[in-house]
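Accompanying notes for the structure given below.
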Amino acid sequence: MAILVVTNLEAQPHAPKLVVCITVDQLRGDYIEYFYNTFGERGFKRLMNEGVVYDNIRFEFSNLDEANAFATLFTGSNPSFHGITGNYVYDFEYEKRRSILNDPEYLGNYTRENYSPKRLFSSTIGDELKIASQGRSDVYAIAPNAESAILSAGHAANGAFWMDNTNGKWATTTYYKGVPWYVDRYNNGPESLASRIEKMTWTPSLPIEKYNAFPYVLEDLPFKYTFTEGTVDCYPNFKTSPFINKEINRLAMQFLEYGGFGTRSCPDMLSVTYYAGNYRGNMHKDYTREIQDVYYQLDRDIEQLLDKIDQKVGLANTLVVFTGSGYYKSEENYPDGLMVNGGEFHPKQCLALLNMYLMAIYGQQSNWVKGYYNNQIFLNRKAIEDAKLDLRTVQDKAADFVQQFTGVQQVITDNSLLTGDWNEGTAPFRKGTHHLGRGDLIIQLQPGWKVNFDDPKEKVKIVRNNAVITPLIFMGNGLKPQHIYREVKATEIAPTVTHVLRIRPPNSSRDLPLREITTIGTSNKQNNQ
């Protein structure tokens, strides 16, 4: 009996010394399948063969982008709770779009941008880890962009770093206290990106005939891209090439080498974000050799990171969480005569006609419509209040009018989402928006329709509502390989990670941990018995 008790105690999974969250922005599970034969054995294949693999995660709201996806993954809640509804918000007073994380109270460090996580209303995995450890755990995040870096780090993190678009340095915000010496050295030393970038040329890593996953590639010539320091597009272009993942790894290696991860009495956390989307100059092309090369090189980068973790901390002492952001950005460009359905929706015309309609009902003494942004119409609430009108009635009349426009699938009012007058069809709009700052009307267009802003600076956007296959993998920390053939929610990831860490889930998380991870200890005990 004593032997059985000891054996069962040893079978219990232990809390890891380090959690490494690897999130790939715009990762596509179908591309992993298509390009699988070009991968080595210790990158994607190692994750798939040695981890607990879920085929797909599902985000429960529409209009996914980098900010709201990362906030959801690391808080375990949807935008209706955590407040990050998208990358940007629109300031109608100044007629300017701003980052949702813009915060003039804090200066940039190695950047002119001003950011903080104050618009994030929920705690994150890292926040809860800092609270549980009373600040003894180290929590850092590294990403190409500020949104993914800050939102994967949280409020209480030691630091969040991203690549600045103008100078290529690893930037942060003075919201976080201090910059590790090895980041300063990296930014200012001979290995800084600015000193190397003009020598970097992106050409195929494999013989051109090896990029045969897509039978739709028309160009026979190998691609070649260079980056000229000092030009406006230099670093934004660079950040959508496979080189950005190598720079992410270079900095991550510094943290693993000098940061003391896994050596403290409490677990540490490192969040690493890679990029697997289209090259900035190829957003209008879906099937290219470039995207195959991105995945081929990313496979090697994942291998390098996993090997470094194993060397410094040990994968047996590390929980690796691997997933993607659930969306894929592209700009569709149909050849003449091949547009299969749809038409053009003109927001400016819609607003003008809606304002005329409301003027006919309520009088011409006011401008009843404020503007349009991100598929939402904002009414002039001050004018409605001054006229002593019922806001709900105005919203309903406006929604009935806009619903008549060709190409409009449905219109949801802010009041219906606030009062619970919504159903399964409109639930994604409730979960994907927040009552603070939401528009009065939310418009859903039919698939294939173009949004034409009648502005030469704004590109015509074609509506496409496809889901993106996004795998989820937990590896290390004593987990046995397993393939789970069921879809899980994106909001289930954070409570699962905190369960393994033996801490509380983020304060707006309402889902239980994934049962396959929480029952590992029970399964081991039963097997031993």
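The values are calculated or read from the model by the stated rules, or taken from the named source; none is laboratory data. No experiment lies behind these values; they were computed from the predicted model shown. Cβ sites come from the backbone with ideal geometry, for glycine too, and all protein chains shown count toward neighbours. The area values use the complete protein model at the heavy-atom level, side chains included, leaving out ligands, DNA and RNA. Shrake-Rupley method; radii C 1.70, N 1.55, O 1.52, S 1.80 Å.
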Net +/- balance of residues flanking GLU344 in space, Cβ distance below 14 Å, scoring K and R +1, D and E -1: 0
Rounding to the nearest 20 debye, state how big the charge dipole of the chain is about its Cα centre with +1 on each Lys and Arg Cβ and -1 on each Asp and Glu Cβ. 1000 debye
Run the dipole for the range 1-159 about the Cα centre, Lys and Arg Cβ at +1, Asp and Glu Cβ at -1, nothing else charged, and hand back the magnitude in debye, nearest 20. 320 debye
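Based solely on its DSSP helices, what 222 nm [θ] is calculated for the chain when runs of n ≥ 4 H residues each add -39,500 (n - 2.57) and the sum is averaged over all residues, nearest 500 deg cm²/dmol?
-9500 deg cm²/dmol
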In percent, how large is the relative contact order of the range 326-484, given Cα pairs closer than 8 Å and 6 or more residues apart? 28 percent
Going by Cα centres, the range 204-218 and the range 306-357 are how many Å apart? 24 Å
Quote the accessible area belonging to GLU344 in square angstrom, nearest 10, computed with a 1.4 Å probe and with ligands, DNA and RNA left uncounted. 80 Å²
Listed highest first by mean packing, meaning other Cβ atoms within 10 Å per residue, what order do 219-226, 499-506 come in? 499-506, 219-226
Which Cα, out of THR273, PRO242, ALA360, lies furthest along the positive dipole direction of the range 213-371 (beta carbon charges, K/R +1, D/E -1)? ALA360
Sorted by packing (mean other beta-carbon atoms within 10 Å per residue), highest first, where do 407-416, 190-199 land? 407-416, 190-199
What's the carbon and sulfur percent of the chain's accessible surface, probe 1.4 angstrom, rounded to a whole number? 48 percent
Rounded to the nearest 10, the angle in degrees between the Cα long axis of helix 289-312 and the longest principal axis of the Cα atoms of the chain comes to 40 degrees
If the only charges are +1 at each Lys and Arg Cβ and -1 at each Asp and Glu Cβ, what is the size of the charge dipole of the range 270-404 around the Cα centre, to the nearest 20 debye? 580 debye
Among [x] 50; [y] 44; [z] 54, only one was calculated for this model; which label is it, if the read-out is percent of Cα pairs over 31 Å apart? [x]
Once the dipole of the range 121-192 is set up with Lys and Arg at +1 and Asp and Glu at -1 on Cβ about the Cα centre, which of MET163, SER148, SER137 lies farthest towards its positive end? SER137
I'd like the accessible area for TRP202: 1.4 Å probe, protein heavy atoms, all chains in place, Å² to the nearest 10. 0 Å²
By how many degrees, 0 to 90 and rounded to 10, does the Cα axis of helix 391-402 deviate from the longest principal axis of the chain? 90 degrees
Name the residue farthest towards the positive end of the dipole of the chain from the options HIS82, TRP449, VAL294, assuming +1 on Cβ of Lys and Arg, -1 on Cβ of Asp and Glu, about the Cα centre. HIS82
If amide H atoms are built 1.01 Å from N in the plane of the peptide, which residues on other chains or at least 5 residues away come under 5 Å of the amide H of PHE161? ALA141, ILE142, ALA143
Surface accessible to a 1.4 Å probe, per residue, for the residues of the chain, Å²: 46 Å²
